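In what follows, a structure is listed as structure tokens, so that the remarks can point back to it.
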Amino acid sequence: MQYRPLGRTGLSVSSICLGTMTWGQQNTEAEGHAQMDYALERGINFFDTAELYSIPPKAETQGSTERIIGSWFKARKNRDKVILASKVCGRTGFAWFRDNGATTRVTPAQIREAVDKSLARLGTDYIDLYQIHSPDRKVPWGSNPTRFDPQDYQVEAGEADFALTLETLGECVKAGKIRHVGLSNESAWGTMRYLAESEAKALPRIVSIQNAYNLINRTYETALAEITLREQVGLLAYSPLAQGFLTGKYLDGARPEGARETLFQRGTRYQKPGAEEAIRDYVDLAQQYGLDPAVMANAFVVSRPFVTANIIGATSMAQLQLAIDAGSVTLSGELLDKIDLVHQLRGNPAP
């Protein structure tokens, strides 16, 4: 297992991070415990969760993933073995997270409430990395349209103030509830605004950004990779398999029993025009080199110099083992060149 610096924190995290969002719906508590046991045995010291999880978001399962992690900490007495990341919801239409029934926003009161509730579910008195799950403003990402729309960039009343957000997180740091802060689903502009405020006002510095990054979505390379390398704000790459689409199991409309897309139909981000053609090219390329497509996709993410950790997710132990094994696979220069050739042809069909 490789270990890499987490920003400027002095912490070293495993290059494979254990994602947990399926625990509480697709996976039981016992299965979550088994995954954590195995991950720790394999040298993974970095787990990622969120108040939002499990996925898909539901009032009846909200917080279930954190509770499963908390019961594991209680049973194993090993909190000190894990660098734990969680998240506060950004702007959503969900009204079941807050005691007053408000929809989620990045406000001081909501941050404080979210931190305290996560700590209680996790059964711990601190979270190593606390992230803003998504911006408190309109940002085109995920399943949203990707064409430029000036409406997406107009300042709206009530948008979260960057400095105030960092001040609130700083209060949590001083109280010992969180150690470091990060972002998720954020843009280059947003990341630099947070960095500027932290430097100007001696507020907590952003140490990481958790964005989607995979073979059919390399948009991180356009602007954010430079920020990573110049500012030491490392990428925690989520969806390295594009929600399983890069395995090839959904090609030609296939929907295997029990697969996430079969169950939840939430993969629109990875079904945009041109995505299937790109996926087929990458699957064919992996097979030409005798690699499982999932191994090639995961190994590619781990190989990028701006990636701090590749966040893997699995619903079976076989999937988990395959994903962890991929972290030690070195792709040849020839294969990387051919991956870039496909990228040149197919671009980023699933930003």
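The values are calculated or read from the model by the stated rules, or taken from the named source; none is laboratory data. As the structure is a prediction and not an experimental result, all values here were calculated from the model. Counting neighbours? That spans all protein chains shown, and the Cβs are built from the backbone with ideal geometry, glycine included.
The number of residues in segment 113-140 that are over 18 Å from Gly70 (Cα atoms), surrounded by fewer than 17 Cβ atoms within 10 Å (Cβ to Cβ) and out of contact with any helix residue (DSSP H, G or I) (no Cβ under 6 Å at 6 or more places or on another chain) comes to 0. If you go through segment 11-23 one residue at a time, do you hit one that is in contact with a Ser or Thr (Cβ under 9 Å, 6 or more places away or on another chain) and assigned to a helix (DSSP H, G or I)? No, the conditions are met nowhere in segment 11-23. Tallying residues that are of a type in the set (D, E, K, R), touching a Phe, Trp or Tyr at 6+ places or on another chain (Cβ under 9 Å) and assigned to a loop (DSSP other than H, G, I, E, B) within segment 156-181 yields 1. Across segment 86-113, the number of residues qualifying as over 18 Å from the mean Cα position of the chain (by Cα) and outside any loop (DSSP other than H, G, I, E, B) comes to 6. If you go through segment 308-341 and keep only what is assigned to a helix (DSSP H, G or I), within 19 Å of Gly244 (Cα to Cα) and in contact (Cβ under 8 Å) with a residue 40 or more places away in the chain, you end up with Met317, Leu320, Gln321, Ala323, Ile324, Ile339.
Residues that are under 30 Å from Val13 (Cβ atoms), surrounded by fewer than 14 Cβ atoms within 10 Å (Cβ to Cβ) and not hydrophobic (A, V, I, L, M, F, W, C): does segment 225-245 have at least one?
yes
Of all residues in segment 245-256, those being part of a loop (DSSP other than H, G, I, E, B) and farther than 16 Å from Pro349 by Cβ number 4. Suppose the filter is small (Gly, Ala, Ser) and either part of a helix (DSSP H, G or I) or farther than 23 Å from Leu235 by Cα (or both); does Ala50 pass it? Taking the combined requirement at face value, the residue does not satisfy it. Of everything in segment 141-161 that's over 13 Å from Gly90 (Cβ atoms) and surrounded by 12 or more Cβ atoms within 10 Å (Cβ to Cβ), which residue is modelled with the highest pLDDT? Out of the qualifying residues, it is Asp161. Among the residues of segment 270-305, those that are closer than 17 Å to Ser14 by Cα and buried (at least 18 other Cβ atoms within 10 Å of the Cβ) comprise Asn298, Ala299, Phe300, Val301, Val302. For Glu197, the conditions (1) part of a helix (DSSP H, G or I); (2) closer than 18 Å to Ser15 by Cα; (3) touching a helix residue (DSSP H, G or I) at 6+ places or on another chain (Cβ under 7 Å) all hold with the exception of (2).
Going through segment 257-292 one residue at a time, which ones are assigned to a loop (DSSP other than H, G, I, E, B) and either at pLDDT 95 or above or among the acidic types (Asp, Glu) (or both)?
Step one: of segment 257-292, the residues assigned to a loop (DSSP other than H, G, I, E, B) are 257-259, 265-267, 271-274, 289-292.
Residues satisfying the conditions are Glu257, Gly274, Tyr289, Gly290, Leu291, Asp292.
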